[in-house]
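Structure first, then comments.
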Amino acid sequence: MANWSPSSWTTKPIKQDVVYEDVQGVKDALSQLQRLPPLVTAREINNLKSNLKKVALGEAFVLQGGDCAELFDYCNQEMIEAKLKLLLQMSLILIWGANKPVIRIARIAGQFAKPRSSPTETVNGVEMPSFRGDNINGFEATPESRKPDPARLVSAYFHSAATLNYMRASLSSGLADLHSPMDWGLGHVIEPSIKDQYSRIVNSVQDALRFMRTVGIDKDRGVETADIYTSHEGLSLEYESTMTQMLKQPVQSGHGTVTQSDPAWYATSGHFLWIGDRTRQLDGAHVEFFRGISNPVGIKIGPTMAADELVRLLDVVNPNKEIGKVTLISRYGASKIAQYLPGHIAAVQASGHIPVWQCDPMHGNGKATPSGVKTRHFTDILSELKQALEIHRQAGSFLGGMHLELTGEAVTECVGGAAGLTEDGLGERYTTFCDPRLNEKQALELAFLVAGFYRE
Ligand code: PEP
Ligand code: MN
């Protein structure tokens, strides 16, 4: 990679930068991070990349989801399990619907840093820095807590490590065992129609498994566990570049001997990193950093992205046109997708790039209630997804997946869905520290409806 190093981004203009007063503290934190082991390996990252290649070619579907802003507090057994189970349940529904393997990526174990529309805000008449995520400053609304604290970068590493450790342990201990999907629990889902539909899918999966057991082909590891990859926005470049390492991957040759692949740079903080809509400037620091790493990467694109700029961006981040290396995460809004997506697809098709096209139906559909509560309407989310699927079909392209903000908790943050949550009900359990998320019921319902689009 010409003229690139993990720190070459420092010579470029940067958006959403965090200014630390404690310069020595930053140096100490980064040198501690540098000595710590990678959170993920090159082999895992490459496995995800080859899975995403299948998605780009229309052979698999990718489900990505999790919190808008993950907090250190979410690093507990109950919340991690709830999120994993929800993603597993949704993916089972989608496998049944789309009749394709589903690649699961969670916004977890590192989704701490948040871009903000303003660097400061005024709370109770006091101006203070905005909350930038648990790896940067504290949510508590005091100027002291909002001061960027470099020790939080190290804390982010350890919270990511603990979360990932529990994910790995529960997945390898049978959390995702397809023999007992009903044990995944339907938690707060009380809607009989959703429960019925889900039970029907589970029964048909169990029939298939019984058959596989009878004929003796269920010994495959695939039935007992599942892969869930980790992802986050690669916003804090101090953290990401420190966690970037030159790694080799063991490869098995045809004769059974193990050799090493050529070394390459990997961001080892998570399997999949994405560039946000606010930091994707062609000449900016984030694009500079992302162009040098071997991980599969996401790029958020919205109405402000020009079609020719999109192609130039793909040329910079993926000059070799590796299939599935880049996931374009489109987030236009239900009322705008028809205006922008066809032009973006046409430009990318003409360029010869074959990315994964993923629909994020959350970030273009933010609304505020008359009293100023941030929410999203289930119908808008569903509408953007449905339009995305149809526009891709018409263009001879594939909608490869969806990117959602969701939680396994019974929160009341998005309006609508079968339970009929209204704006008046939002106050009941509104716990997000950033954008409104789908609750478990709404997320499962969405998975059923999207699965239904594929079965139409
Ligand atoms: C996000 O995914 O939480 C986010 C900030 O999205 P975007 O960059 O699309 O605004
Ligand atoms: Mn968000």
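When residues in region 380-410 are screened for being within 19 Å of GLY343 (Cα to Cα), touching a strand residue (DSSP E or B) at 6+ places or on another chain (Cβ under 9 Å) and β-branched (Val, Ile, Thr), 0 of them pass. Reported count of residues in region 417-436, each being in contact with a Lys or Arg (Cβ under 9 Å, 6 or more places away or on another chain) and either small (Gly, Ala, Ser) or closer than 29 Å to HIS392 by Cβ (or both), is 6.
The set of residues in region 130-161 being assigned to a helix (DSSP H, G or I) and either at pLDDT below 95 or surrounded by 15 or more Cβ atoms within 10 Å (Cβ to Cβ) (or both) consists of ARG152, LEU153, VAL154, SER155, ALA156, TYR157, HIS159, SER160, ALA161.
What about ILE45, is it out of contact with any Cys (no Cβ under 8 Å at 6 or more places or on another chain), of a type outside the set (Ser, Thr, Tyr), within 16 Å of TRP274 (Cα to Cα) and within 16 Å of ligand 1 (Cβ to nearest atom)? Criteria not met by ILE45. Residues in region 271-291 that are under 17 Å from the mean Cα position of the chain (by Cα) and either under 14 Å from LYS114 (Cα atoms) or more than 11 Å from ligand 1 (Cβ to nearest atom) (or both): 10 in all.
Screening ASN47 against (1) of a type outside the set (Ser, Thr, Tyr); (2) within 21 Å of TYR266 (Cβ to Cβ); (3) in a loop (DSSP other than H, G, I, E, B) leaves a single unmet condition, (3). Filter region 78-95 down to the residues that are surrounded by fewer than 21 Cβ atoms within 10 Å (Cβ to Cβ) and touching a residue at least 60 places away in the same chain (Cβ under 8 Å), then identify the one that is farthest from ligand 1 (Cβ to nearest atom). Out of the qualifying residues, it is GLU81.
Scan region 2-32 for residues that are surrounded by 17 or more Cβ atoms within 10 Å (Cβ to Cβ), out of contact with any Phe, Trp or Tyr (no Cβ under 6 Å at 6 or more places or on another chain), of a type outside the set (Gly, Ala, Ser) and part of a helix (DSSP H, G or I) and the total you get is 1. Cβ-Cβ distances below 7 Å connect the following pairs, each with a first residue in region 47-70 that is among the acidic types (Asp, Glu), a second residue that is more than 16 Å from ligand 1 (Cβ to nearest atom), and a separation of six or more residues or different chains: GLU59/LYS100. Among the residues of region 334-365, the ones that are within 15 Å of ligand 2 (Cβ to nearest atom) and closer than 25 Å to PHE290 by Cβ come to 7 in all.
Restricting region 293-307 to residues that are assigned to a loop (DSSP other than H, G, I, E, B) and without any contact (Cβ under 8 Å) to a residue 40 or more places away in the chain leaves a set whose member that is farthest from ligand 1 (Cβ to nearest atom) is ALA306.
Selection of region 399-415 for residues being modelled with pLDDT under 95 and surrounded by 19 or more Cβ atoms within 10 Å (Cβ to Cβ) yields GLY408, GLU409. Checked against the criteria, THR259 does not count as β-branched (Val, Ile, Thr), surrounded by fewer than 22 Cβ atoms within 10 Å (Cβ to Cβ) and within 14 Å of ligand 1 (Cβ to nearest atom). Scanning region 383-427 for residues that are outside any loop (DSSP other than H, G, I, E, B), under 14 Å from GLN442 (Cβ atoms) and either of a type in the set (A, V, I, L, M) or out of contact with any helix residue (DSSP H, G or I) (no Cβ under 6 Å at 6 or more places or on another chain) (or both) yields LEU385, MET402, LEU404, GLU405, LEU406, VAL415, LEU421, GLY425, LEU426. Name the single residue, out of those in region 373-385 being crowded, with 20+ Cβ neighbours inside 10 Å and of a type in the set (D, E, K, R), that is nearest to LEU314 (Cα to Cα). Out of the qualifying residues, it is GLU384.
Looking across region 50-65, the residues that are touching a Lys or Arg at 6+ places or on another chain (Cβ under 9 Å), over 16 Å from GLY270 (Cβ atoms), of a type in the set (A, V, I, L, M, F, W, C) and not in a helix (DSSP H, G or I) come down to ALA60, PHE61, LEU63.
Within region 162-178, work out how many residues are of a type outside the set (Val, Ile, Thr), crowded, with 16+ Cβ neighbours inside 10 Å and farther than 30 Å from ASP207 by Cα. Number satisfying all stated conditions: 2. Residues that are without any contact (Cβ under 8 Å) to a residue 40 or more places away in the chain and under 27 Å from the mean Cα position of the chain (by Cα) within region 122-136 comprise PRO129, SER130, listed in sequence order. Looking only at residues in region 57-77 that are closer than 17 Å to MET402 by Cβ and either surrounded by 23 or more Cβ atoms within 10 Å (Cβ to Cβ) or within 16 Å of ligand 2 (Cβ to nearest atom) (or both), the one that is farthest from the chain's Cα centre (by Cα) is PHE61.
The values are calculated or read from the model by the stated rules, or taken from the named source; none is laboratory data. All figures in this text were calculated on a predicted structure; none of them were measured in a lab. Cβ sites come from the backbone with ideal geometry, for glycine too, and all protein chains shown count toward neighbours.
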